[in-house]
Amino acid sequence: MSHPQRAAAFTSDAERTTWHDETLWFVRQKRDKAAYGVPEFQQLRQLASDIKEHTLSRLDEYLEQFERNARANGVQVHWAADADEHNRIVLSIIKAAGASSIVKSKSMLTEECHLNPYLQQHGIAVVDTDLGERIVQLREEAPSHLVLPAIHLKKEDVGETFHQHLGTPKGEKDPQNLTEAARLHLREKFLIGQVAISGVNFAVAETGAVVVCTNEGNADLGVNLAQVHIACMGMEKLIPRTADLGVFTRLLARSATGQPVTTYTSHFSQPAPGRQMHIVIVDNGRTRQLGRPDFRNSLKCIRCGACMNTCPVYRRSGGHSYNFTVPGPIGAILSPNIDLHKHSTLPFASTLCGSCTDVCPVKIDIHNQLYKWRQLIAQSNALPLGKKLGMKLLSWGLARPGLYRLGGKVAREGLRLLPRGLSHAAALNPWAKARELPEPPAQSFREWYQQTVTQ
Ligand code: SF4
């Protein structure tokens, strides 16, 4: 299904759509307050963008430096060219540890690689320990947001899910009680998890350490209780020095949720005595994106989700309508790099208003890249047939002024005379499906201009 089709399914529930829209706008407003509270916020954005620019320009050197330092710390480093290789490496580490159950903190990379179903197919029990992730895992859904994976659900939905899976009383919807139930359920899983998988927010080249930011402390609990820690990271997560880290941690939480800093910012640099630590560095299309001059700076993304919270299309169409691990404006830039034809409708899921670019803490020119993808998609013959023919017809008509004037006249009269059932018929006029058409003016601009200005 295309983005418009999935979005139509979401917007068919008008009340939920409005609630989703308002909830995310509330988060956006919190972000604004937090950003305005830091006088040097714009300088920080520029600095973060510059640090990432520099790192991407020497990514090969920084990756090798990171690997050398991590190995010197006693960490086992693995390289994965794609999702399959990543999954095979993780499974082999789990098998070598003799483990059959693992706990996992939030990691969009493992979502991208579809690690959970892969491990489950191989007999490994996987428990996501981030509360939002656990909720969507129990419902067998994908996260719908980078930072707020269950933001598409109301407390009543969560209450029903917990009633079915955790045995909470039917109709329980008090967030405090539901959180307590999740805490009890997860605590038990932490205690039996033999291997802990975490994501990586930042990887520091000069020390070989990885930094993981969570609000729930679940990554810390998982890693400290398990014998083996596997940190899975995309190769773009690098920053050169520990001194650079503060720039990003000051931006990340403020941009994501409006907090001054995430509750836990944990540094993992070496395994505890007698234990193992592995880092899996994954490419999975990132090198290809790095080689595209128009799109390479999308690799600066620190996955704060701010572009989603502000996007009028994301807020009203929900994360699942994107059908890609990373939804929203940044997902619409990253997804065509993976499969241009499959995700060809995503760069069109934008008003190009530029609000995403305005809030991005690392200054990615998101709306410009969306516009560039649209051109490439059109050149690659990946537009739906109706749109392709429509655009051809429009360009033919616009190149003929007489025909254009006649078309305007016919449209003005048609809108006035046609019954609504025809002028708003979805098959003939998809634009009017969810919008009112404007009142047709009595005359064209050209006629008005000739009468009013030139006489
Ligand atoms: S593109 Fe920018 S705003 Fe969007 S998630 Fe990435 S860093 Fe945040």
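For the reader, a short list of remarks on this structure follows.
- Helices (runs of 4 or more DSSP H) wholly inside the range 281-375 containing at least 1 residues that are closer than 29 Å to residue 13 by Cα and within 15 Å of the chain's Cα centre (by Cα): 306-310, 312-317, 328-338, 355-359
- For residue 251, the criteria (1) crowded, with 22+ Cβ neighbours inside 10 Å; (2) more than 27 Å from residue 57 (Cα to Cα) hold in every case but one, which is (2).
- Reported count of residues in the range 358-377, each being of a type in the set (S, T, N, Q) and either outside the structural domain of residue 345 (by TED's automatic domain parsing) or within 11 Å of the ligand (Cβ to nearest atom) (or both), is 1.
- Flag for residue 105 being surrounded by fewer than 17 Cβ atoms within 10 Å (Cβ to Cβ) and either under 27 Å from residue 275 (Cβ atoms) or not assigned by TED's automatic domain parsing to the domain that holds residue 268 (or both): no
- Subset of the range 378-392 that is surrounded by fewer than 16 Cβ atoms within 10 Å (Cβ to Cβ) and in a loop (DSSP other than H, G, I, E, B) - its residue that is nearest to the ligand (Cβ to nearest atom): 380
- Residues of the range 63-80 that are out of contact with any His (no Cβ under 9 Å at 6 or more places or on another chain) and crowded, with 18+ Cβ neighbours inside 10 Å: 63, 65, 66, 67, 69, 70.
- Within the range 302-314, the set of residues being surrounded by fewer than 24 Cβ atoms within 10 Å (Cβ to Cβ) and within 14 Å of the ligand (Cβ to nearest atom) comprises 303, 313.
- Some residue of the range 400-415 being in contact (Cβ under 8 Å) with a residue 12 or more places away in the chain and either of a type in the set (S, T, N, Q) or in contact with a strand residue (DSSP E or B) (Cβ under 9 Å, 6 or more places away or on another chain) (or both): no
- Lone qualifier among 168, 214 - being among the polar types (S, T, N, Q) and within 29 Å of the chain's Cα centre (by Cα): 214
- If the condition is being within 16 Å of the ligand (Cβ to nearest atom) and of a type in the set (Gly, Ala, Ser), then the range 237-282 contributes 253, 255, 256, 258.
- The single condition among (1) of a type in the set (S, T, N, Q); (2) modelled with pLDDT of 95 or more; (3) in contact with a helix residue (DSSP H, G or I) (Cβ under 8 Å, 6 or more places away or on another chain) that residue 101 does not satisfy is (2).
- Taking every residue in the range 13-27 that is in the same structural domain as residue 312 (by TED's automatic domain parsing) and pairing it with any residue that is in a helix (DSSP H, G or I) and surrounded by 12 or more Cβ atoms within 10 Å (Cβ to Cβ), at least 6 positions away or on another chain, the pairs with Cβ-Cβ distances below 6 Å are 17/11; 17/316; 21/315; 21/316; 24/309; 24/315; 27/309.
- Residue-level check: of (1) under 26 Å from residue 128 (Cα atoms); (2) touching an Asp or Glu at 6+ places or on another chain (Cβ under 9 Å); (3) aromatic (Phe, Trp, Tyr), residue 10 misses just (2).
- Selection status of residue 347, within 16 Å of the ligand (Cβ to nearest atom) and over 21 Å from residue 43 (Cα atoms): yes
- Scanning the range 408-422 finds one or more residues that are surrounded by 10 or more Cβ atoms within 10 Å (Cβ to Cβ), of a type in the set (Gly, Ala, Ser), touching a Ser or Thr at 6+ places or on another chain (Cβ under 6 Å) and at pLDDT 80 or above.
- Residue match in the range 47-63 (condition: under 23 Å from residue 280 (Cα atoms) and touching a Phe, Trp or Tyr at 6+ places or on another chain (Cβ under 7 Å)): yes
- Total residues in the range 58-117, condition farther than 18 Å from residue 199 by Cβ and not charged (D, E, K, R): 15
- Given (1) within 16 Å of the ligand (Cβ to nearest atom); (2) within 19 Å of residue 73 (Cβ to Cβ), number of the condition residue 232 does not satisfy: (1)
The values are calculated or read from the model by the stated rules, or taken from the named source; none is laboratory data. What you are looking at is a predicted structure, and each value in this text was computed from that prediction instead of being measured. Neighbour counts run over all protein chains shown; Cβ positions are idealised from the backbone, glycine included.
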